[in-house]
Amino acid sequence: MTDDRLTIGKRSFGSRFILGSGKYSLDLIEAAVRNAGAEIITLALRRAQTGTENILDHIPPGVTILPNTSGARNADEAVRIARLSRECGCGDFVKVEIMRDSKYLLPDNQETVRATQMLSDEGFTVLPYMYPDLNVARDLVSAGAAAVMPLGAPIGTNKGLCTKEFIRILIDEIDLPIIVDAGIGRPSQACEAMEMGCAAVMANTAVATAGDIPLMAEAFRDAISAGRKAYLSGLGMVSDRARASSPLTGFLRD
Amino acid sequence: MIDPMVYLDGMERTDTDLMDRVLSASSSYRPEAFTGRDVSRALDSSSPDLEDLGALLSPAAEGLIEEMAQRAMEETRKHFGNSVSMFTPLYISNYCDNRCIYCGFNRDNDIHRARLDYEEIEREMDAIAATGLEEVLILTGESRRMSDPEYIGEACRIASKRFRVVGLEVYPMNSSDYAYLHRCGADFVTVFQETYDPETYGRMHLGGCKRIMPYRFNAQERAVRGGMRGVGFGALLGLGDFRRDAFATAMHAGEIQRRYPHAEIAFSCPRLRPIVNDSSVNPGDVHETQLLQVICAYRLYAPYAGITISSRERAGFRDNVIMIAATKISAGVDVGIGGHSSSEDKGDGQFEISDGRTVPEIFEAIKSAGLQPVMSDYIYT
C-alpha cells in the first residue's frame, strides 16, 4: 500500500482526497486540510485575488493548489483565467470548469474539450470537470488532459453517484485517472466511488456544510482510504441468488 | 395622461409574450386558496413549480415560517456554502424625470439635487475602496438628461480601476446602451419593477419614462442581450399586493433564466414599511415575518439565485437573514450624494436606512455568524 500513489501529469500524491475550498469559513480550511490528509486543494481564482483575507494565506505549505476556472462561460475565458492563475504563482495545474447554465451549473463538455486542448498546448496540467460521456472523455484524452473529472451529481446537491454506470464506463475505457467531482455528499458515497476504481474523489459542499468540518474531513479521508483498499484487494463477488450446495452439475464429478 | 402600456419613440421593443404570461399568471394567483397541506407539499418538492411558489407565498405559509426558513437555509448552503458577498451602493446623481408618488426622488419633490462630477466620483470611490470593498453598485436617479449613458459609462470606467465587480441600478435603457456600459466595465444590472399589477403601476407612476411598464419589464432581457453577466429583479413589496408581486417577480426571474441559462439571477427585496405595526390595518402591509416569507419563497423557487438584503432593514433582521437565505449584504451605506468622501452629503437620499454599520462591522457580523465574507466572486479576464 505504501507505494500506491496517485499520479497526475508529472506529480504524484499519497492522498486520494481532493478537497474543495469554496463554501468554507477560511479559518477552518487549515484544520480541514490537515484532518483530510489532503495534498491537493482546489481554489477558485475569482476568490483568490482579494485584498482582504486572502484564501491563499490559509492553505498550509506543501499542499498542491489546483486552481479552477469557475466563472468561465466558454473556453476562451477559461484559458484567460488559467493564464492569470499561473501568473499569480498558482502553478501549472488547472481544473477546467466551464458553465453556461446558472441554474444547475452543469459543465459544457464541448467548450471543456476546446479549453483542454488550448491549455495543454500551453504546458498546463489540465484536469477537466465534465459530464460523464465516453466520447467526450476520449476527446479529452486526445486533447492532452492529465485526468478526467466526471460529476457524480449536480454540484452542491450531495446526491451521490447518480451517474455511477457512466463513470464505470470511463473507468473501464479511459487510461487516465478518473476523479469523481461534484455531488458526493457522504463518506459512504466517496467509498463507493473508490471501490469502483476511481483514482480519487473530490468533495467540497459535503465537508463545508457539515456540523463539524474537520471531523467530516477526517471521515472522508478514512472512507476514501477504505474504498481504495477494497478496490486494490479485489471485491468479493456479489450474487443475487444463493449458491446451491448441491449444484446441478455436481454429477459431472461423479 | 400617457398610456403606461404603450412604448414611447426610441424605446427598444422586445418581441416576446413574457410580460403577458407573467401578468396573467399573477393576476389569476389566489393566495387565499392555498392550505397548509399545499405549503407542506411545496416544502417537500425538490424543484418547486409555480403552484408551489403560490403556496409558499400564501397566508397559509406564515404558520410554517420556521419550516420554510429551515428548508431555505439548506438550499442556500448547498448552492452558496458559507459565503456572503459584501458591497456598497454609490449614488452619483439624484436628478429624476419621473413622478412616482412613493419615492423621495420624485421630480416634484423639493429636495437637494446633485450630480457628482468625475473628480468627485473618483474621490468617493477611493474612499469606498479604502474600506476593503471590491464590489460597488452605481446608482442614479432616473434622468437620462442629467445622467446620460456617457456619464454613467465614465463612472463605470472609474469604478473598474478600483473595484473587481461593478453593478448598475439606473434607469432602463436599450440593449445598445447596456452593451456600451458593459464595455465600460459594468456587468450586473438590477431594475426594480416596483409592482407587476398594471393598474397599480399606472396609479403610482404618473410621469416620465418609468410610466411605460413594458419597457421597464423587459429591461433585464435587454441587459442580458447587451452582454451583462447577470441581472437583478425586485418588486417594492407593499406598493401593491405584495404576495402577488413577489409571485410575479419570482416567475419573471425564472423565465429569464430559462431563456438565457448563462445569465446570473438575483433578487432584491425592498419593502414599504407598514406605518402602524398592526397586521389588521392593511392587507398590503409587509412586516418582518412576511418579508422573511418572501425571501424564503424566492430561495426555494430559485435556489440558484443571489438574494441581496437592503440596509433599509435593521441589523438584527439582516444578520439573521444572511444565515437563512440572503447571499449579499451592503455595508458602509450612504444613500445621499457625496457622503463617502465628505462629512456632508451634496444631495439628499432616496430613503432612510436602518442599518448604518461600517464595512468592518458587517465583516465581523458575518464572521461571527460562522459565515465567510466574500469581497469579490468574479474576475474580469
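The values are calculated or read from the model by the stated rules, or taken from the named source; none is laboratory data. Here the structure is a predicted model, which is why all the values come from computation and not from measurement. All Cβ positions, even for glycine, are placed from backbone atoms using ideal geometry, and neighbour counts span all protein chains on display.
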Select from segment A:119-173 the residues that are assigned to a helix (DSSP H, G or I), of a type outside the set (Val, Ile, Thr) and in contact with a strand residue (DSSP E or B) (Cβ under 6 Å, 6 or more places away or on another chain) and write down the one among them that is surrounded by the fewest Cβ atoms within 10 Å (Cβ to Cβ). A:SER120
Based on what the data block shows, is B:SER47 more than 14 Å from every other protein chain (Cβ to nearest Cβ), free of Cβ contacts under 8 Å to residues at least 60 places away in the same chain and surrounded by fewer than 17 Cβ atoms within 10 Å (Cβ to Cβ)? no
Of (1) buried (at least 23 other Cβ atoms within 10 Å of the Cβ); (2) more than 14 Å from chain A (Cβ to nearest Cβ); (3) within 24 Å of B:ARG244 (Cα to Cα), B:GLY36 satisfies every one except (1)
Restricting segment B:73-104 to residues that are more than 14 Å from chain A (Cβ to nearest Cβ) and among the aliphatic types (A, V, I, L, M), which is surrounded by the fewest Cβ atoms within 10 Å (Cβ to Cβ)? B:ILE101
It is to be established whether one or more residues within segment A:55-73 are farther than 29 Å from A:ARG221 by Cβ, modelled with pLDDT of 85 or more and either away from every other protein chain (no Cβ under 13 Å) or surrounded by fewer than 20 Cβ atoms within 10 Å (Cβ to Cβ) (or both). yes
Does at least one position in segment B:342-351 carry a residue that is part of a loop (DSSP other than H, G, I, E, B), closer than 25 Å to B:ARG229 by Cβ, in contact (Cβ under 8 Å) with a residue 60 or more places away in the chain and in contact with a strand residue (DSSP E or B) (Cβ under 6 Å, 6 or more places away or on another chain)? no
Considering only segment A:6-29, state which residues are more than 14 Å from chain B (Cβ to nearest Cβ) and either modelled with pLDDT under 85 or in a strand (DSSP E or B) (or both). A:LEU6, A:THR7, A:ILE8, A:ARG11, A:SER12, A:PHE13, A:PHE17, A:ILE18
Answer yes or no as to whether A:GLY37 is away from chain B (no Cβ under 12 Å) and either crowded, with 22+ Cβ neighbours inside 10 Å or modelled with pLDDT of 80 or more (or both). yes
Does B:THR327 qualify as being surrounded by fewer than 17 Cβ atoms within 10 Å (Cβ to Cβ) and not basic (Lys, Arg)? no
Does segment A:155-167 include one or more residues that are within 23 Å of A:ARG5 (Cβ to Cβ) and not aromatic (Phe, Trp, Tyr)? yes
Hey, any hits in segment B:63-70 for a residue that's surrounded by 22 or more Cβ atoms within 10 Å (Cβ to Cβ) and over 18 Å from B:ALA365 (Cβ atoms)? yes
Give the residues of segment B:149-171 that are out of contact with any Asp or Glu (no Cβ under 8 Å at 6 or more places or on another chain) and under 20 Å from B:VAL335 (Cα atoms), sorted by residue number. B:TYR151, B:ILE152, B:ALA155, B:CYS156, B:ALA159, B:LEU168, B:GLU169
So, in segment B:352-381, how many residues would count as being outside any loop (DSSP other than H, G, I, E, B) and either within 7 Å of chain A (Cβ to nearest Cβ) or under 12 Å from B:SER85 (Cβ atoms) (or both)? 6
If only one of B:SER58, B:SER24, B:SER83 is without any contact (Cβ under 8 Å) to a residue 40 or more places away in the chain and polar (S, T, N, Q), which one is it? B:SER24
Candidates B:ALA69, B:ALA25, filtered to the one that is over 20 Å from B:THR289 (Cβ atoms), within 23 Å of the chain's Cα centre (by Cα) and not in a loop (DSSP other than H, G, I, E, B): B:ALA25
Segment B:31-48: number of residues that are assigned to a loop (DSSP other than H, G, I, E, B) and touching a helix residue (DSSP H, G or I) at 6+ places or on another chain (Cβ under 8 Å): 4
Based on what the data block shows, is B:SER341 over 22 Å from the mean Cα position of the chain (by Cα) and over 30 Å from A:ASN74 (Cβ atoms)? yes
Filter segment A:200-225 for residues that are closer than 13 Å to A:GLN189 by Cα and not in a helix (DSSP H, G or I); the one that is nearest to the other protein chains (Cβ to nearest Cβ) is A:ALA203
Scan segment B:255-262 and tell me whether some residue there is within 14 Å of chain A (Cβ to nearest Cβ) and of a type in the set (A, V, I, L, M, F, W, C). yes
Which one of B:MET146, B:MET213, B:MET173, B:MET204 is at negative phi and surrounded by fewer than 19 Cβ atoms within 10 Å (Cβ to Cβ)? B:MET146
